[in-house]
Amino acid sequence: MSSLISLLEEVRACRLCEAHLPLGPHPVVRAGQSARLLIVGQAPGTRVHETGIPWNDPSGDRLRDWLQMDREAFYDENQIAIIPMGFCYPGRGKGGDLPPRPECAPQWHERLLAELPDLQLTLLVGQYAQKYYLPSPGKTLSDNVRDFDRALQSGYFPLPHPSPRNRLWLRQRPWFEEQVLPVLRERVKALFVKP
């Protein structure tokens, strides 16, 4: 058994923050050793918790649209690894889901990334991933996304969360669709073009 497979089994059996999870633990993560693209999101919502399939909700539909990718390609773990900041549904707060549990990323990310030697690009979806990974994050998520070309120098591509709750953010920032999405699509497509 490969070390990545045994590590993923260990992650999926994690009960580190069980006492804080309203629906109990159900770690959701996908990765294959040959993955070239990594998507680091926030944490599963209730639908993802129920199905165990990451981005299996309206947010995932929008993310796949941004990437111009169908479900089959998106869920090919030999091409794309999906490792959220928090692996389990964190519960509900006043304005939506609670933040990802803080235990997950320090416990698991470094070990998982060590098993993914072919990664060429990491999408940092939302502020939690950006604060954790960007070498020098901006003051706001908008700053991070607008300065995507600077982040690309370190192999990161910061994105807003594609949640339907962010419609206003997207509407107020037409530059995201006009300037950022074309570069994102070009970069992602280049990863999967056969030489």
Worksheet item: Given the rule -39500 (n - 2.57) for each run of at least 4 DSSP H residues, summed and divided by the residues of the chain, what is its mean residue ellipticity at 222 nm, to the nearest 500 deg cm²/dmol?
Response: -10500 deg cm²/dmol
Discussion item. If packing is taken as the average count of other Cβ atoms within 10 Å, what order do 140-146, 28-34, 5-11 fall into, highest mean first?
Written reply: 28-34, 140-146, 5-11
Worksheet item: Hey, got the dipole for the stretch 48-119? About the Cα centre, +1 on K and R Cβ, -1 on D and E Cβ, debye to the nearest 20?
Response: 420
Discussion item. For a test of the definition: using alpha carbon positions, the gyration tensor, and the 1.5 limit on a/c, classify the stretch 36-112 as rounded, prolate or oblate.
Written reply: oblate
Worksheet item: If you work out volume of the Cα convex hull per residue in Å³ from the coordinates, which of (i) 229; (ii) 95; (iii) 122 do you get?
Response: (iii)
Fill in: Paramagnetic label zone (point 7 Å from Cα along Cα-to-C-beta, His20; backbone N under 18 Å) in the stretch 89-129
89-110, 127-129
Practice prompt. With a Förster radius of 35 Å, plug the Cβ-Cβ distance of Gln33 and Asp65 into 1/(1 + (r/R0)^6) and report the FRET value to the nearest 0.05.
Written response: 0.80
Response to the item:
Sorted on mean Cβ neighbours within 10 Å (highest first), peptides 35-47, 179-191 come out as 35-47, 179-191
Response to the item:
Carbon and sulfur atoms account, in whole percent of the 1.4 Å probe accessible area of the chain, for 48
Worksheet item: Residues of the chain: accessible area per residue at 1.4 Å, in Å²?
Response: 52
Item to complete: Could you please state, rounded to a whole Å, how far the C-alpha centre of the stretch 145-195 is from the C-alpha centre of the stretch 1-43?
Response: 25
Practice prompt. Using a 10 angstrom cutoff on alpha carbons, build the Gaussian network for the chain and name the most mobile of Lys139, Lys94, Lys131.
Written response: Lys94
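The values are calculated or read from the model by the stated rules, or taken from the named source; none is laboratory data. Note that the structure is predicted; figures quoted are calculated from it, not measured. Virtual Cβ from ideal backbone geometry, glycine too; neighbours counted across all protein chains shown. Areas reflect the complete protein model, heavy atoms only, side chains present, ligands, DNA and RNA absent. Shrake-Rupley method; radii C 1.70, N 1.55, O 1.52, S 1.80 Å.
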